[in-house]
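Visitor: Have a look at this one before I ask anything.
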Amino acid sequence: MDQNKIFNGVYRGKRVLVTGHTGFKGAWACLWLTQLGAEVAGFSKYLPSEPCLFEVLGLRGKMKHYQGDVVNYKQIEKVFKTFKPQIVFHLAAQPIVRAAYQDPKNTFDTNVSGTVNVLECIRHAPYVKAAIIVTSDKCYENIGVTRGYHEDDRLGGDDPYSASKACEEIVFSSYYSSFFSHQDKTRLASARAGNVIGGGDWAHDRIIPDCVRAWSKGHAAIIRNPRATRPWQHVLEPLSGYLWLAACLLEKKPKFSGDAFNFGPHQRASKDVASLADLFVSLWGEAQWKHVPAAGKKKEAMLLQLSPRKTEQQLSWRSALSFKETIEFTASWYKQYYGRKTDMTDFSCQQIDQYIQKARTFELRWTGKV
């Protein structure tokens, strides 16, 4: 597919830095950016899983790969000074809720101090023109509302991960107000999304990776909370939003700098874990799951929904895939991978093209179709 019109063609020839590029979302972002003609660099501490999507897609040969810890200011500062990015996507994070209970200090260090370090680098980098700070849907104080949380709802978090993401948003707001609000050379926004699934995720304590790990070995998948309800979305959905938001910032029309945006589907995509697992089983074939409650009494929200209304109205962005299509995209990727007969880089690029074609049926502006 001709990528010149996608996102108004703003990424072609641009230097783009992605922190957390070896992670699930980071690797998909880097693949898409290389398709868009960007010069891409990534900064990550390690490969987060085995297998790892970054390696599966062969991204080492397609971009600059910098290894380091976002908590170490000198390391991330050196990358900024060497690569001189024009656009920054900050995705580096400790992203697992249960892992945050086990090591809360590392979670706060990575998610809060790491974001401070990235913003501090941006503050001293006049070559950065646009930056997206990616946080989480869990940055909101979850009081169980069913309407979907709006961007101006109260931040908060009862667990370490959620609290760290709320803190990250406060850090972003503070830096913007203090250092960026009175100038127009560098434009920033925060992006909130969650419940992201898709091919190439092998993180622990996530429903899809837990299923494929078990099923690829002929085991039943263990599900700890089958009635928890989430608005599931394919990884390409929020990534299209992040890329479009940065493109709008770069083109300075209209003015979104300093703002926060939710990227998520409407409530029709909200399904409980059991429904997701049952549909995934039907697409996978010869698989099963069983309910085993989690040990201990760690709190886990039963319902968490974002309102995409502001993003739809101001960015003309919306999700393009139905719940069924989201699971179909995901299941087909893993079946191709475990079938070991497909070049997964080519297949992943085909999925990006298929997603763009689907989004074009809704005449979304980022697709280049007006």
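Visitor: So if each residue of separation counts as 0.36 nm, and I subtract the Cα-Cα distance between Q350 and I170, what length gain in nm does that give?
Guide: Gain in length upon complete extension: 61.0 nm.
Visitor: Here is the link list: K14/K45; K14/K84; K14/K129; K45/K84; K129/K165. Which ones come out longer than 22 Å on Cα distance?
Guide: K14/K45; K129/K165
Visitor: As an exercise, use a Förster radius of 35 Å and the Cβ-Cβ distance of H124 and K255 to find the FRET efficiency, rounded to the nearest 0.05.
Guide: So the FRET efficiency works out to roughly 0.90.
Visitor: Percent relative contact order of the chain, based on C-alpha pairs within less than 8 angstrom and at least six residues apart?
Guide: Averaging sequence separation for qualifying contacts and normalising by length gives 17 percent for the chain.
Visitor: Right, here's the next one. Projected onto the charge dipole of the chain (+1 at Lys/Arg Cβ, -1 at Asp/Glu Cβ, origin at the Cα centre), which of I207, T115, A295 gives the Cα projection farthest towards the positive end?
Guide: T115
Visitor: With +1 on each Lys and Arg Cβ and -1 on each Asp and Glu Cβ, and nothing else charged, work out how big the dipole of the range 107-196 is about its Cα centre, in Debye to the nearest 20.
Guide: Taking the Cα centre of the range 107-196 as origin, the dipole is about 380 debye.
Visitor: About the Cα centre of the range 278-370, how large is the charge dipole given +1 on each Lys and Arg Cβ and -1 on each Asp and Glu Cβ? Please answer in debye to the nearest 20.
Guide: For this selection, approximately 400 debye.
Visitor: Another question about this same structure. Quick check: pseudo-label points 7 Å beyond the Cα along Cα→Cβ at T361 and D152, how many nm apart are they?
Guide: Computed distance between label sites T361 and D152 equals 3.6 nm.
Visitor: Which whole-percent values make up P(r) of the chain when all C-alpha to C-alpha distances are grouped in 10 Å steps starting at zero?
Guide: 5, 25, 37, 26, 7, 0
Visitor: Let me ask something else. Among G42, I96, Y11, whose Cα lies farthest out toward the positive end of the dipole of the chain, if unit charges sit on the beta carbon of Lys, Arg (+1) and Asp, Glu (-1)?
Guide: Of the listed residues, the answer is Y11.
Visitor: If we count every other residue with Cβ under 11 angstrom of D210's Cβ, Lys/Arg +1 and Asp/Glu -1, where does the sum land?
Guide: Cβ neighbours under 11 Å give a net charge of +1.
Visitor: Taking the mean number of other Cβ atoms within 10 Å as a proxy for protection, how do you rank 187-198, 241-252, 60-71 from highest to lowest?
Guide: Taking the mean over residues of other Cβ atoms within 10 Å, the ranking is 187-198, 241-252, 60-71.
Visitor: Could you work out how far apart the two model spin labels at K341 and N106 are, taking each label as a point 7 Å from the Cα in the direction of the beta carbon, and quote it in nm?
Guide: 4.0 nm
Visitor: Provide the FRET efficiency to the nearest 0.05 for the L47-R98 pair, computing r from the beta carbons and using R0 = 25 Å.
Guide: Plugging the Cβ-Cβ distance into 1/(1 + (r/R0)^6) gives 0.80.
Visitor: Within a 10 angstrom radius of the beta carbon, how do H234, H266 rank from fewest other beta carbons to most?
Guide: Least to most surrounded, the residues fall as H266, H234.
Visitor: Rg and Dmax of the range 174-245, using alpha carbons, in Å: what are they?
Guide: Computed over the Cα atoms of the range 174-245, radius of gyration and Dmax are 18.3, 58 Å.
Visitor: Report the gain in length on full extension from H182 to I222: 0.36 nm times residue separation, minus Cα-Cα distance, nm rounded to one decimal.
Guide: My answer for the length gained is 9.2 nm.
Visitor: If one computes P(r) from the Cα atoms of the range 240-370, what percent of pairs lie at distances over 27 Å?
Guide: Pairs farther apart than 27 Å: 37 percent.
None of the figures in this text is laboratory data; all of them are computed from the coordinates on show. No experiment lies behind these values; they were computed from the predicted model shown. Cβ atoms come from the backbone with ideal geometry, glycine included; neighbour counts cover every protein chain shown.
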